[in-house]
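Worksheet for the structure shown next.
The values are calculated or read from the model by the stated rules, or taken from the named source; none is laboratory data. Note that the coordinates shown come from a computational prediction; the quantities given were computed from them, not determined experimentally. Counting neighbours? That spans all protein chains shown, and the Cβs are built from the backbone with ideal geometry, glycine included. Heads up: the accessible areas ignore ligands, DNA and RNA and are worked out on the full protein's heavy atoms, side chains in. Shrake-Rupley method; radii C 1.70, N 1.55, O 1.52, S 1.80 Å.
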Amino acid sequence: MMKEQISIVDMFKIGIGPSSSHTLGPWRAAQRFAAGLAQRGILMDTESVKILLYGSLAKTGIGHGTDIAVLLGLSGDDPVTFPVDDVQSKADRIKQHRLLLLGGTHEIPFEYAADLMLLYAESLPFHPNAVTFQALLAGGKAISETYYSIGGGFVVQEGNEAQVTEEVDLPFPVQSAHDLLGWCIRTGLSISELVLENEQAWRPEAETNERVRQLFTVIRTCIYRGCHTEGTLPGGLGVARRAHQLNKKLMAGRTYHDYDSWIAAIRAGGNRFPYILDWVSCFALAVNEENAAFGRVVTAPTNGAAGVIPAVLHYFIAFHDGLDEAKIRQFIAVASEIGSIFKKGATISAAMGGCQAEIGVSAAMAAGALAECLGGSQRQVLMAAEIAMEHHLGLTCDPIGGLVQIPCIERNTMGAVKAITAAQLALQSNPDKAKVSLDTVVKTMWETAQDMHVKYKETADGGLAVQLPLSLPEC
Ligand code: SF4
């Protein structure tokens with residue numbers, strides 16, 4: 001595994017659903033390709049562009065919106081700011097008019113059926129999520145660039161695969177849970193304090209605080225919108241949104257007018273176990289229904305698993321008085337570090353490791369974060385993360401129709417509940433007596449990933465994905 005440095009803002013990215021590896025990553029790759037043409041002064045000489053999607057991007061790309069993402073990326077649109085309600089209609093316009101405004105400035109002909117190629121049988125050796133962009137220039141010259149979407153919205157270019165994130169000199173470099181605990185013991189810092197010290201190597205503290213504020217704004221907007229939107233999800237499966245109904249039922253007539261009064265009304269409903277459990281499910285459903293509907297989400301660490309961390313964070317906010325900027329920052333910082341340890345020692349890409357790499361990792365991140373926010377020691381935080389992953393090992397990725405809906409949406413509710421249980425178990429345990437360390441479970445997850453058959457790695461060729469005979473309309 002390569003040495004990586006991953007900051008909070010690398011781990012948690014603002015993007016558009018439904019998939020970080022199949023939507024956000026390819027979108028960013030397309031943006032980079034178009035921007036590169038502009039930087040080299042050849043954008044206006046470009047006469048046509050072809051897009052080649054390989055491996056997993058071909059097999060589940062249509063269901064995951066990869067085609068839409070690359071069209072918008074080539075058009076110079078940004079997934080952080082692009083209006084979510086216009087995603088589908090803009091892609092439709094490009095297809096219908098057969099024209100693409102490359103980089104937002106230069107119009108070229110674009111024939112969707114011919115210029116976007118799904119190479120189902122081809123996979124490139126570095127990573128199953130590969131996309132090649134080919135530009136044909138006036139005069140006959142051609143430019144070709146290949147990018148790999150390696151999970152969680154991270155993208156690397158062929159020839160520069162080791163350059164994942166910006167390199168800085170960290171005061172407390174961490175590659176493993178062992179390193180992390182070592183630094184905590186030597187400094188006396190909590191995990192979140194150590195992470196936030198490291199963040200200062202990337203940017204001033206005030207800027208990090210602002211970035212976390214922005215992340216939380218997206219999370220709360222997404223969860224609130226998901227709880228207040230009815231209808232059927234796009235893609236052809238006919239999956240009905242459920243968070244809206246559940247929210248209404250749980251509110252039982254209590255009134256509210258915005259996010260803050262909504263949280264207060266949730267709290268006013270009491271703290272019976274079934275009530276809390278239903279809310280955790282509702283929070284997770286809300287985020288992943290938004291994600292499936294091309295809504296704006298935060299990769300946590302991926303889009304398919306984007307509901308686990310917001311659901312556990314909102315469990316903390318609503319039922320442990322956690323609506324406080326410093327506490328939310330603490331939660332996000334710990335979750336980020338746990339996710340980084342999995343990315344460095346294993347993978348957060350379902351195309352590499354199945355769903356254990358998405359829901360499993362997000363549950364571990366949430367469990368560790370919750371454990372620290374509820375007063376757990378550093379060892380208890382690591383134990384909570386270990387427990388959460390231990391019970392996701394071997395989880396396969398088998399999305400029906402290649403859509404991030406079944407089993408993905410409900411799977412986030414399961415991940416959230418397991419994360420809370422893992423945190424509680426760790427808080428009630430002596431971590432010195434734990435038999436399995438976090439590093440051991442990271443290693444086990446990676447070995448399991450390598451043994452897992454490719455049909456369970458975001459290909460929709462196995463598991464639930466082949467149990468339902470479906471013929472989905474083209475997106
Ligand atoms: S099954 Fe899991 S890993 Fe696969 S797309 Fe769904 S949430 Fe992501």
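Quick notes on this one:
- Estimated [θ] at 222 nm from DSSP helical runs (n ≥ 4, -39500 (n - 2.57)) normalised by residues in the chain, nearest 500: -15000 deg cm²/dmol
- Net lengthening on full extension, D85/H228 (0.36 nm per residue, minus Cα-Cα): 49.9 nm
- Highest mean packing first, where packing is the average number of other Cβ atoms within 10 Å per residue, the peptides 428-436, 444-452 line up as 444-452, 428-436.
- Shown in residue order for the stretch 108-125 are the 3J(HN,Hα) couplings computed by the Karplus curve 6.51 cos²θ - 1.76 cosθ + 1.60 at θ = phi - 60°: 10, x, 9, 9, 3, 5, 9, 8, 10, 10, 9, 9, 4, 8, 10, 9, 8, x Hz (x for Gly and Pro).
- Solvent-accessible surface (1.4 Å probe) assigned to E166 amounts to roughly 120 Å².
- Listed residue pairs exceeding 19 Å between alpha carbons, taken from K13/K343; K50/K95; K13/K418; K13/K90; K13/K443: K13/K418; K13/K90; K13/K443
- Seen against the Cα atoms of the chain and their longest principal axis, helix 325-345 is set at about 60 degrees.
- Residue-by-residue Karplus 3J(HN,Hα) for the stretch 438-448, coefficients 6.51, -1.76, 1.60, Hz, glycine and proline x: 4, 4, 5, 6, 5, 4, 4, 4, 5, 5, 4
- Rounded to whole numbers, the Karplus 3J(HN,Hα) couplings from phi for the stretch 143-159 are 10, 10, 9, 10, 10, 10, 9, 9, x, x, x, 6, 9, 10, 9, 4, x Hz, using 6.51 cos²θ - 1.76 cosθ + 1.60 with θ = phi - 60°, and x at Gly and Pro.
- The GluC sites (Glu not before Pro) of the stretch 69-140 meeting both criteria, a DSSP state outside H, G, I, E and B (loop) and at most 14 other C-beta atoms within 10 angstrom of the site's C-beta, are E111, E122.
- On Cα atoms only, tilt of 408-427 relative to the major axis of the chain in degrees: 30
- Carbon plus sulfur fraction of accessible area for the chain, probe 1.4 Å, in percent: 52
- With the highest mean first, a sort of the peptides 81-91, 130-140 on other beta-carbon atoms found within 10 angstrom per residue produces 130-140, 81-91.
- R203-Y256 FRET efficiency (beta carbon distance; Förster radius 30 Å; 0.05 resolution): 0.25
- Estimated distance in nm for a label pair at L101 and H178, the labels positioned 7 Å out from Cα along Cα-to-Cβ: 5.5
- Residue-normalised convex hull volume from the C-alpha trace of the chain: 140 Å³ per residue.
- Degrees between helix 25-39 axis and first principal axis of the chain (Cα, 0 to 90, nearest 10): 50
- What the chain shows is 39 Å² of accessible area per residue, with the surface traced by a 1.4 Å probe over protein heavy atoms.
- At R0 = 45 Å, FRET efficiency that the Cβ-Cβ distance of E166 and L393 yields, to 0.05: 0.90
- Counting only DSSP beta bridges with both residues in the chain, the antiparallel share comes to about 85 percent.
- Loop-located trypsin sites (Lys or Arg not before Pro) in the stretch 232-285 whose Cβ has at most 15 other Cβ within 10 Å (DSSP): R254, R272
- Between T187 and T217, the distance separating the two model label sites (each 7 Å from Cα on the Cα→Cβ line) works out to 2.9 nm.
- Estimated inter-spin distance, A240 and L137, nm [label 7 Å along Cα→Cβ]: 5.6
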